[in-house]
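For reference, the structure discussed in these notes is given below.
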Amino acid sequence: MAGVLRHDVMPELCALLATMNAAPGQADPVNPLVPFGRIASLHVARFIVLEDPSLPDRLIAPTLPVHEPTRLAFIADFDGTPDDLIVDLVAIAAPGLRRIFSHCTDFGDDTDLLQWLHAHRIRSAATYVNWRGRSTAQVREEAELHDALRTARLAHPRASPQQLIPILREAGAAVPLSPAAAMPLAWRIGETAHFLLLPAAALLLAPVLLPLVPFLAILLRWRETRDPVIAPTPSRERNRTLSVLEDHDITNQYSAIGSLKPGLFRRWLTIAILWVINWGARHIFGKGRLARVNTIHFASWTFLDEGRRVLFASNYDGSREAYNDDFINKVAFGLNLSFSNGLGYPRTRWLILDGARREQDFKRYLFHHQIPTQVWYKAMPGLTTYDMARNIRIRRGFENPPSGAGLRRWIAEI
């Protein structure tokens, strides 16, 4: 959700948001404004001021407005429905939320907070979840199980696998493990129907789109050879501003904003690509990996300002540099697909080639669009996506003990 900020409130708002942090940019889970730790469904959340440093780039795109509003956004990844989260937020943090959002143009003393939050919801065009269906309760319980089993195992360093089994079973029995929630029939029907949307749309639209493909390909290539690249050298001061907010935990946040290239061709191309990305993230990449990348917890792409801009927000393991390198080395074509319609993106060929492979231009472009996240919360600090996937395997082995080589591998993971 996001609201347009009033003029001249940035210093006051940023000072207020800073009071929510235990370290620069790192939310205190029990801060008095929004005590994130009391909202059990939250995985990650952030307050961020969407002040776009790349708007001056529009000098090369005079059909785009010179100015766009600066917004305050609250972005969260959570269990359950958005309606449930909003109810929880209002129940737990209404006074704090009123203070924060009172900096927005249409929020007054008599504003109905619940209605305002609903009215300012913005649906993401695409979202990625590392492991669909894995709740915060499951993550916590499986981490506790791993800790209990590891402690027991380390206490018996000379025990054989067979000797360890009863010891580990006794240690793990003390950890409550909630059964995996069965998804309702209506949800499964909805997922199946959504899965069929892409092949159905492809079949229906093929007679119309296939004859157009040569013309669209020529138009794409013509534009690619003429679109200017904007990848300025990073300033040290801005790098310090961003760096001070990073590497407080094994997981980091990333926020970036930028304009799409002007014209309906690029806008509709972006809409189509993000729709396919969302479809793939929902039906293909929902168990620990986005293509070959396994370090992302959550990511989202959201249109702003009638589709003129896109906000990208992600939560990833490791450093910013390693995050960028991971994508460049493993899924450069995916970066090109999802970002190459951005104004100033490094030049691509046929949409998926080059682009991110021009490493220095690409990293400068990313840095040019990255913005600081004022408040970032992670419910399970210290746990990587690898840790969570390992804990799932450990739980499966605990509930259904393997034998032979499988038993030795299971114990080795503990």
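The values are calculated or read from the model by the stated rules, or taken from the named source; none is laboratory data. Treat the numbers as computed from the prediction; the structure is a model and nothing was measured. Neighbour counts run over all protein chains shown; Cβ positions are idealised from the backbone, glycine included. The protein model used for the area step is the full one, side chains on, heavy atoms only, and it has no ligands, DNA or RNA in it. Shrake-Rupley method; radii C 1.70, N 1.55, O 1.52, S 1.80 Å.
Peptides 161-174, 374-387, ordered by how many other C-beta atoms sit within 10 Å of their residues on average, highest first, read 374-387, 161-174.
Across segment 151-239, the convex hull enclosing all Cα atoms gives 389 Å³ per residue. Geometric descriptor of segment 103-195, per residue, is 238 Å³ (volume of the convex hull of the Cα atoms).
What part of the accessible area of the chain, given as a whole %, is carbon or sulfur when the probe is 1.4 angstrom? Carbon and sulfur atoms account for 61 percent of the accessible area of the chain.
In this structure the amide hydrogen of Arg349, modeled in the peptide plane, comes within under 5 Å of the amide hydrogens of Asp354, Gly355, none closer than 5 places in sequence on its chain.
What is segment 256-380 by shape, rounded, prolate or oblate, if you read a ≥ b ≥ c off the alpha carbon gyration tensor as root eigenvalues and call it rounded for a/c under 1.5, prolate for a/b larger than b/c, and oblate otherwise? It comes out rounded by the Cα gyration axes. Between Glu51 and Phe195, the modelled labels are 4.7 nm apart [label points 7 Å from Cα along Cα→Cβ]. Relative contact order, whole percent, for the chain stands at 25, derived from Cα pairs under 8 Å and 6 or more residues apart. Computed from phi, the 3J(HN,Hα) profile of segment 176-184 under the Karplus parametrisation 6.51, -1.76, 1.60 (θ = phi - 60°) reads x, 10, 6, x, 4, 6, 6, 6, x Hz, with x in place of Gly and Pro. Scalar couplings 3J(HN,Hα) for segment 195-209, obtained by applying the Karplus form with A = 6.51, B = -1.76, C = 1.60 to θ = phi - 60°, are 4, 6, 4, 5, x, 5, 5, 4, 5, 5, 8, 3, x, 8, 7 Hz; x denotes Gly and Pro. Give me the log10 of I(q) over I(0) for segment 211-268 at q = 0.18, 0.19 Å⁻¹, as the Debye formula computes it from C-alpha points; what are the numbers? With one equal scatterer per Cα and no solvent, log10 I(q)/I(0) is -0.81, -0.85.
The packing ranking of peptides 249-258, 24-33, highest mean first, is 249-258, 24-33, where packing means the average number of other beta carbon atoms within 10 angstrom of each residue. Phi angles across segment 338-353 convert, under the Karplus curve 6.51 cos²θ - 1.76 cosθ + 1.60 with θ = phi - 60°, into 3J(HN,Hα) values of 7, 10, 6, 7, x, 4, x, 5, x, 4, 9, 10, 6, 6, 10, 9 Hz, Gly and Pro given as x.
Each principal axis of the Cα cloud of segment 315-414 was evaluated for its coordinate range; sorted largest first, these ranges are 55, 35, 18 Å.
Annotation: amide H-H contacts under 5 Å for Leu50 (H modelled 1.01 Å from N, sequence separation of 5 or more, or interchain): Arg71, Leu72, Ala73.
For the options Leu210, Leu97, Leu337, a Gaussian network treatment of the chain with springs between C-alpha atoms closer than 10 Å singles out Leu210 as fluctuating the most.
For segment 1-92, the Kirkwood radius over C-alpha pairs fed into Stokes-Einstein at 10 °C and 1.306 mPa s yields D = 104 µm² per second. Above 37 angstrom, tally the Cα pairs of the chain and express them as a % of all pairs, no decimals. Here the tail beyond 37 Å accounts for 30 percent of pairs.
In the elastic network of the chain, a GNM with C-alpha springs shorter than 10 Å, the most mobile of Val208, Val244, Val276 is Val208.
Packing around the peptides 73-83, 296-306, taken as the average count of other Cβ atoms within 10 Å per residue, puts them in this order, highest first: 296-306, 73-83. Only Cα pairs under 8 Å and at least 6 apart count here; give the relative contact order of segment 120-180 as a rounded whole percent. About 41 percent, as a whole number. Residues in the chain average 50 Å² of solvent-accessible surface per residue, probe 1.4 Å, ligands and nucleic acids excluded.
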